[in-house]
1. At a probe radius of 1.4 Å, what is the per-residue accessible area of ARG70, in Å² to the nearest 10?
2. Quick check: with the 1.4 Å probe, what order do ASP1, ASP39 take by accessible area, largest first?
3. Taking K and R as +1 and D and E as -1, what net charge do the other residues with C-beta under 9 Å from the C-beta of ILE162 add up to?
4. Order the following by accessible area, largest value first: LYS160, LYS52. Probe radius 1.4 Å; ligands, DNA and RNA are ignored.
5. In whole Hz and in residue order, list the ³J(HN,Hα) couplings for region 177-182 that follow from phi through the Karplus curve 6.51 cos²θ - 1.76 cosθ + 1.60, θ = phi - 60°; x for Gly and Pro.
6. Got the relative contact order for region 1-108 handy, in percent, Cα pairs under 8 Å and 6 or more residues apart?
7. What order do HIS166, HIS62 take when sorted by accessible area (1.4 Å probe), most exposed first?
Amino acid sequence: DEAGRMRRLINDLLSLTRIELNEHVPPSGIVDIVGVVRDAAAALAPLAEADKVSISVEIADHIPAVTGQRDELIQLFQNLIQNAIKYGKAGGHVGVSIGVSPDSVPGRRGPLSMVAVAVRDDGEGIPREAIPRLTERFYRVDVKRSRERGGTGLGLAIVKHIVNRHRGRLQIESQPGEGSQFTVLLPAVDAKQPADAGVTELL
């Protein structure tokens, strides 16, 4: 068990270091975000089944592609969905929704410009005072439970840096006893977003 935990920790540290090195270079590829989210959810189906957790993916009409790097985006959504499975209610449900968010770019008004992917669990929720620290390296709300579930404390730090590299935003909403929702907003291919508009937003 300890050897497995160390292997996961080393892999996550290497991944985080690689992402941080490239964080100042925005990706230039065009990615089908619907396909990415579906692939990430499908990869985690065995984990969800083992925990008797169901996963649903709801997709709005006319979702545009996003500017991004496919492998990093798959890693991002796998981390979020895996966390929802791990820390949600036993035998519960993880809901993933994909839509388009209007006027999401700071200082910009106009047509729809950001694709929003929300991952929601029905777990215990997160204390409000802990939310600003969730994306810190090695920060855990519940250290014992995180270790029992194989967590390294780096998953959300990786998510934050991938979101930043993609000039996106991360929103976290949670109420104790009511579950949590992590929403990633990514610029659509046709969005005219300023190059320095990438921020991580914790709510």
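1. 100
2. Values: ASP1 175, ASP39 75 Å².
If we order ASP1, ASP39 from most to least accessible, we get ASP1, ASP39.
3. Working: positive: LYS160, ARG165; negative: GLU23, GLU72.
Result for the neighbourhood of ILE162: 0.
4. Values: LYS160 50, LYS52 155 Å².
Listed by decreasing accessible area, they come as LYS52, LYS160.
5. Karplus-based 3J(HN,Hα) across region 177-182 equals x, 10, x, 9, 9, 10 Hz.
6. Working: 104 pairs, mean separation 35.1, N = 108.
Taking the mean separation of contacting Cα pairs over the length of region 1-108, I get 33 percent.
7. I get HIS62, HIS166, largest accessible area first.
The values are calculated or read from the model by the stated rules, or taken from the named source; none is laboratory data. Since this is a predicted model, take the numbers as computed values, not measurements. Heads up, the Cβs are rebuilt from the backbone with ideal geometry, glycines too, and the neighbour counts pull from every protein chain shown. Keep in mind that these areas ignore ligands, DNA and RNA; they rest on the heavy atoms of the full protein, side chains included. Shrake-Rupley method; radii C 1.70, N 1.55, O 1.52, S 1.80 Å.
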